[in-house]
Amino acid sequence: MLEGQVRAEPGRYLDPEVRKPSGRVLTLSSEEALSYGLGQVVTTDEDFKGLYGLRGKTIRIDGPTWVDSLVTILTDPFVSWLLLFIGLSCSCSN
């Protein structure tokens, strides 16, 4: 709720507290999110599917692709230095 709403109806809210200052990111734990009604707990895949109306449908879970693996290899410091050395040695030989 906004501060203006609390001031407009002072008797409606019991003990309002400032959860976050204006302009800051709201950070909640899972327990806090549940207590504010911002989340739901699911324990099985079927509960999750039921929550989103997907009962009986297959959910595909993808892992890393070859592109992710390539980026991981190329960003390794040893490989980066090796590629830099190869590039510099090839440019100096011309």
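The values are calculated or read from the model by the stated rules, or taken from the named source; none is laboratory data. Given the structure is predicted, the values throughout are model-derived calculations rather than measurements. Every residue, glycine among them, receives a Cβ derived from its backbone with ideal geometry; neighbour counts consider all protein chains shown. Just so you know, the surface numbers come from the protein's heavy atoms only, side chains and all, with ligands and any DNA or RNA stripped out. Shrake-Rupley method; radii C 1.70, N 1.55, O 1.52, S 1.80 Å.
Residues considered: Gly37, Gly4. Of these, the only one that is exposed (fewer than 10 other Cβ atoms within 10 Å of the Cβ), at pLDDT below 85 and assigned to a helix (DSSP H, G or I) is Gly4. Can you find a residue that is closer than 30 Å to Glu17 by Cα, at pLDDT 85 or above and either part of a loop (DSSP other than H, G, I, E, B) or not hydroxyl-bearing (Ser, Thr, Tyr) (or both) anywhere in segment 50-66? No: segment 50-66 contains no residue that is closer than 30 Å to Glu17 by Cα, at pLDDT 85 or above and either part of a loop (DSSP other than H, G, I, E, B) or not hydroxyl-bearing (Ser, Thr, Tyr) (or both). Within segment 51-77, residues that are over 29 Å from Gly39 (Cβ atoms) sit with their Cβ atoms under 9 Å from residues that are of a type in the set (S, T, N, Q) and outside any loop (DSSP other than H, G, I, E, B), at 6+ positions apart or across chains, in these pairs: Leu74/Ser80.
Within segment 74-94, the set of residues being exposed (fewer than 10 other Cβ atoms within 10 Å of the Cβ) and of a type in the set (Ser, Thr, Tyr) comprises Thr75, Ser89, Ser91, Ser93. Scanning segment 67-92 for residues that are of a type in the set (Ser, Thr, Tyr) and modelled with pLDDT of 85 or more turns up Ser69, Thr72, Thr75, Ser80, Ser89.
Within segment 48-73, being of a type in the set (Gly, Ala, Ser) and open to solvent by 70 Å² or more (accessible area, probe 1.4 Å) holds for one residue alone: Gly56. Scanning segment 7-32 for residues that are not in a loop (DSSP other than H, G, I, E, B) and not acidic (Asp, Glu), we see that the one that is most open to solvent (accessible area, probe 1.4 Å) is Arg7.
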